[in-house]
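A short worksheet on the structure shown next.
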Amino acid sequence: MSAAGPTMSAMRTSMLGAGLVAIGPVSMALYTPAMPTLVEVFGVSSSAVKLTLSAYFAGFAITQLVCGPFSDAYGRKPVTLAFLAIYLVSSVMATFAPTVEFMIVARAIQGVGAAVGISVSRAIVRDQFTGQASARIMNTIAMMLALGPAISPTIGGVVLELFGWREIFWCMVIYGVVLAVAVLVYQVETNPRPGTHHLNPRRLLSNYGTLLRDPRFLSPAALIGCGLGNIYALATVLPFILIYEVGLTPSEFGLSMMIQSGSFIAGTITTGRLLKVVDARKLMPYGMAIWVVACAGMSYAMLALEPSVLTVMAPVGLFAFALALLLPASFTESMAPFPHIAGAASSMLGFMQFGGGIIASLAVAAIGDPVIGMATVLPAMPILGIILYNLFKSEPPRTEPAE
């Protein structure tokens, strides 16, 4: 906990953090059931429609690198409200998109606006809490971070079949308005030392250089980037496998994604109870072991078995359960050593996790076959994360303080 004490309660920090962190994944995944429909609506190829998701990824990932430092410079609350305004304008633009090119631009801007959620949510935790208190709050926030892309396709599929694809974006507008009101009313400024020096290009590069040279950051950040990046990449692949290969309708696809979200909820509940008696770091070896089993199962199911809801989603559910065990300690470990650049550290984490999603999605697209991509690229990502985590962990820590 910060020396001056928290400016918000743990419960309020958790609720605001969860709402903020969810806006990015929800906006990414909510319309994935509509992607095959948009192919027909716009009269374009599936690759062109996938570019709308890639544009969102790119806007989100790149903006991560600046919205955190902006919150370091001007405060968490005003920066959050400014980016949410961008999000709302772009969401309305996407609602009225007449062509796929217009949609690509709108989605890229939407990614820019949504980027503030992940960065600020973790920064307001680090501003106030450390240690097990931080881990418990991060567990709640992590639930929404991974639950967003898991449960959103369920909602999107139902909205698509009942109303249409444009109404999916109106759901995003409603979420953005509610979140902006919550920030305006309930969020207290937690940044104790705002200052424009955080935006000095030399200082900014120095801050990011500090993070990228420090194994205390790189080790857990690599695990987060490969783990959550995989969740986002799954959101781009699963609609085409479950709708085209298995033959589900959009609403059935959405319901099948409840396997992933239910598994993650079970994991976060289990983690939350264990955190009352066990240090968060002690859960990580178990999470990594389950990851290995899930990845092996994913490869085997895709290569050797007939695609079905069970063969596709069972390994995904196991992967999501393990992810819940890993996230609280990973988030806390990556942020704790850097209190003076909490926004920059949170931004770099967001860039790495969405960057991981972009890399995995592009690799699957390059293969061309989503089934082969899910059998090779997506199982490789978490294994790479485990390898990098242990490689960086073995390096001696930096002795000079991060500033």
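Worth a mention:
- In straight-distance terms, cross-link reach from LYS276 covers every one of the lysines whose alpha-carbon lies under 16 Å from its own, apart from those fewer than eight places away in the same chain; here that gives an empty set.
- Between helix 10-29 and the chain: long-axis angle, C-alpha atoms, 0 to 90°, nearest 10: 40 degrees
- Gain upon complete extension [LEU212, PHE96; 0.36 nm per residue less C-alpha separation]: 37.7 nm
- Tilt relative to the chain, helix 201-213 - C-alpha long axis, 0 to 90 degrees, to 10: 80 degrees
- Every Cα-Cα pair in the chain was counted, and those over 34 Å apart are 23% of them.
- Sorted ascending by nearby beta carbons within 10 Å, beginning with the fewest, LEU238, LEU84 become LEU84, LEU238.
- With K and R counted +1 and D and E -1, the other residues having a Cβ less than 10 Å from that of THR190 yield a net charge of +1.
- Efficiency of FRET between GLU306 and VAL89 - r from beta-carbon atoms, R0 45 angstrom, step 0.05: 0.50
- Gain in span if fully extended, ARG202 to TRP170, counting 0.36 nm per residue against the direct Cα distance: 7.4 nm
- Aspartates and glutamates whose Cα lies under 19 Å from that of LYS77, excluding same-chain neighbours fewer than 8 positions away: ASP127, GLU189
- Helical contribution to [θ] at 222 nm, DSSP H n ≥ 4, -39,500 (n - 2.57), averaged over the chain, rounded to 500: -27500 deg cm²/dmol
- Seen against the Cα atoms of the chain and their longest principal axis, helix 258-274 is set at about 20 degrees.
- Potential extension, PHE163-ARG193 segment - 0.36 nm per residue separation minus Cα distance: 6.1 nm
- Candidate lysines - alpha carbon under 16 Å from LYS393, same-chain residues fewer than 8 apart omitted: LYS282
Any read-out appearing in this document is the output of simple, stated calculations on the displayed coordinates, not a laboratory observation. Since we're looking at a predicted model, the values are computed, not measured. No Cβ is skipped: glycine too gets one built from the backbone with ideal geometry, and neighbour counts run over all protein chains shown.
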